[in-house]
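The values are calculated or read from the model by the stated rules, or taken from the named source; none is laboratory data. The structure displayed is predicted, hence computed values, not measured ones. Cβ atoms come from the backbone with ideal geometry, glycine included; neighbour counts cover every protein chain shown.
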Amino acid sequence: MATSETEALYCIGCGAKLQTTDPKAPGYLPAGTMAKAQADPDGELYCQRCFRLRHYNDIQGVSLTDDDFLRLLTALGQSDALIVNVVDIFDFDGSVIPGLHRFVGDNPVILVGNKADVLPKSVNQRRLTQWLSHAAHEQGLRPVATLLTSAKKGHVEDLLATIEEYREGRDVYVVGVTNTGKSTLINQIIRHLTGEQDVITTSRFPGTTLDRIEIPLADGKSLIDTPGIIHHHQMAHYINKADLNLVAPTKPIRPTVYQLNPGQTIFLAGLARFDFLAGQRSGFTVYADNQLLLHRTKLENADAFYAKHVGDLLQPPRPADLADFPPLARFEFTPKQKSDLVFAGLGWIVVPAGQTVAGYAPTGVAVTLRPALI
């Protein structure tokens, strides 16, 4: 990496312009380290934040505003490009970019459902793909293709083939909200195309890519990784970073079956609640991270039980996070067919047809009903 002293340098981990003046701003690097980087044409250029993240799993906050992300989205419609929109299939409502269809213009969009590896093998993937397409349509998005992938497992061959099918010599922008595995997916694509390993900084923490990162393609165009858009109603934003594994599973989920009578409640730690209100004694299957606490109790005592034990027995949230943890909002359903009651970013419970149930989640986090995937 030969460079003059005046040429701008960029972190290859997060894309931020390197600078030596403000430790709290993106791209900070101590002056001595910067001088060494400038003197070494083959050195790896990582800002201090990315270096600490890669080697110590230590995340340092930086300030990116909603206006920064709005500027990013506006640029999409001003480019002639193929848009690859990465969503978390475990958290579609928390990972869809609000209003994306208004920003992409006439550019085609490929919808990629990531983290397929954490779903049980019993999930009908064709039905899941159809549901993702339908959910995207309800958001106003009309993807030219919808497919599932696993960035963690490196299953990107179908995605690469689909990109080539629709790219038609254009740049490719990869967009998504924080915590969808977007940068991990980009790293797998780079590895597949060049053999390079883990070029872009990745972690479980939201917002680790801070500026656009351009990866050259063979025809002179680029694959462009963009900063993760902040979705303020994502479950991950309401819990301690030490508990993020509970809302971003890394291992296949094992279902838990409860035989319930009307008048019983299941707490999903202190993050969500499920009430069986009316119907016949039935089996309800819970799909959530295997480490997440599930606690059954009587509906008549549920409010008092939650008030007493949230942050204690019902954890997360942790005691230190209770002051900023929003109250749970209630949603009631009586599905006409076997359905999944989905707690965005946390999991779902399979509800038999004709049973009246209620789901609770932190205010702002979606609780929805969809046709059962299993």
Hey, does the range 296-310 have a residue that's closer than 25 Å to THR250 by Cβ, in contact with a strand residue (DSSP E or B) (Cβ under 7 Å, 6 or more places away or on another chain), of a type in the set (Phe, Trp, Tyr) and touching a residue at least 12 places away in the same chain (Cβ under 8 Å)? no
Taking the range 271-297 on its own, how many of its residues are modelled with pLDDT of 95 or more and polar (S, T, N, Q)? 4
Which one of the conditions (1) in contact with a Lys or Arg (Cβ under 6 Å, 6 or more places away or on another chain); (2) acidic (Asp, Glu); (3) closer than 23 Å to MET235 by Cα does GLU138 fail to meet, given that it meets all the rest? (1)
Considering the range 108-125, residues that are surrounded by fewer than 21 Cβ atoms within 10 Å (Cβ to Cβ) and polar (S, T, N, Q), and then whichever is nearest to the chain's Cα centre (by Cα), we arrive at GLN125
If we keep just the residues of the range 273-310 that are of a type in the set (Gly, Ala, Ser), under 15 Å from ALA361 (Cα atoms) and over 22 Å from the mean Cα position of the chain (by Cα), which is surrounded by the fewest Cβ atoms within 10 Å (Cβ to Cβ)? ALA307
Log entry, pairs with first residue in the range 168-191 being at pLDDT below 80, second being aromatic (Phe, Trp, Tyr), beta carbons closer than 9 Å, six or more apart or on different chains, reads THR178/PHE205; ASN179/PHE205
Between a residue in the range 328-341 that is closer than 16 Å to HIS233 by Cα and any residue that is at pLDDT below 95 and not in a strand (DSSP E or B), which pairs come within a Cβ distance under 7 Å, given they are 6 or more apart or on different chains? ALA329/THR363
Give me the helices (runs of 4 or more DSSP H) completely within the range 69-163, filtered to those with at least 1 residues that are under 18 Å from ILE186 (Cβ atoms), ordered by residue number. 92-95
The range 240-272: number of residues that are more than 26 Å from the chain's Cα centre (by Cα) and under 19 Å from VAL365 (Cβ atoms): 1
The range 216-233: number of residues that are farther than 20 Å from ASN187 by Cβ, in contact with a Gly (Cβ under 8 Å, 6 or more places away or on another chain) and at pLDDT 75 or above: 1
What about LYS152, is it touching a residue at least 24 places away in the same chain (Cβ under 8 Å), of a type in the set (Lys, Arg), within 20 Å of GLN234 (Cα to Cα) and not assigned by TED's automatic domain parsing to the domain that holds VAL367? no
How many residues does the range 249-267 hold that are surrounded by fewer than 20 Cβ atoms within 10 Å (Cβ to Cβ) and modelled with pLDDT under 80? 1
